[in-house]
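Worksheet for the structure shown next.
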Amino acid sequence: MVIAVIADIVGSRELRDRGAAQRALDETIAQVEQDRPLAIHPLTPTVGDEQQGVYRALPDALLSLLMVQLRLPEGLAFRFGIGVGEVRPVASVHGELADGPGWYAARAAIETVHAREQRAVPRTRTWIVGAPGQDEVMETVIAASNAYVLARDELVGAMSTRERHLTYGRLVGRSQQELAAQEGISQPSVSKSLRSAGAAALIEGVAALRGESA
């Protein structure tokens, strides 16, 4: 069992320069993998505005996708459908095709994101679905993780681009002084931005999710 992820671009049809947007997305994903290499197969464009990736474990996927959310440039956002289950390649004359219940679950998950963001939770960006046959423990983990990502997406969705980038910097271990120099602002301004954005709660949440010390 692995974690399959399908991502699509929010508002892709309204983008003025789809090519430039894809280059920015590719750069973001590559930087995230450089900072925290967690994917078996990093998010890769497939067809249209979709990307697909595979992770070994749910905490790895949740951290990596959060980092992508935080690092994206202004005006770009992803939805993420996360499927828990088996994935397998299918041979074709056109190359290997991705198949298996993990991918079906990821597709169901991203459809749930679309439905939820059109109703009461417009900042929803992430959902998790388990393929049939999950044991009781994994079903509980998925339910708790969905509660976590609902709150997390709301927090990230309320951040400005600068607040997201500062939070990313702290998440990968950069000091407030380094971030101040990067953004061309003072260290107290960095501290104030992080505090008002709720960055500490986000970082503590990641540590708790992965059983680490923040």
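The values are calculated or read from the model by the stated rules, or taken from the named source; none is laboratory data. Remember, it's a predicted structure, so these values are computed and weren't measured experimentally. Every residue, glycine among them, receives a Cβ derived from its backbone with ideal geometry; neighbour counts consider all protein chains shown.
Figures for the structure shown
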{"read-out": "Residue in segment 136-146 that is surrounded by the fewest Cβ atoms within 10 Å (Cβ to Cβ), counting only those that are polar (S, T, N, Q) and touching a strand residue (DSSP E or B) at 6+ places or on another chain (Cβ under 6 Å)", "value": "146"}
{"read-out": "From the options 149, 172, 156, residue that is in contact (Cβ under 8 Å) with a residue 60 or more places away in the chain and either farther than 30 Å from residue 84 by Cα or surrounded by fewer than 20 Cβ atoms within 10 Å (Cβ to Cβ) (or both)", "value": "172"}
{"read-out": "Given (1) closer than 22 Å to residue 79 by Cα; (2) at pLDDT below 95, number of the condition residue 208 does not satisfy", "value": "(1)"}
{"read-out": "Residue that is at pLDDT below 95 and either within 12 Å of the chain's Cα centre (by Cα) or more than 22 Å from residue 209 (Cα to Cα) (or both), where the choices are 71, 119", "value": "119"}
{"read-out": "Pairs with Cβ under 6 Å, 6+ apart, first in segment 110-127 and more than 12 Å from residue 157 (Cβ to Cβ), second basic (Lys, Arg) and buried (at least 19 other Cβ atoms within 10 Å of the Cβ)", "value": "110/79; 113/79"}
{"read-out": "All positions within segment 1-19 that are exposed (fewer than 12 other Cβ atoms within 10 Å of the Cβ) and not in a helix (DSSP H, G or I)", "value": "11, 16, 17"}
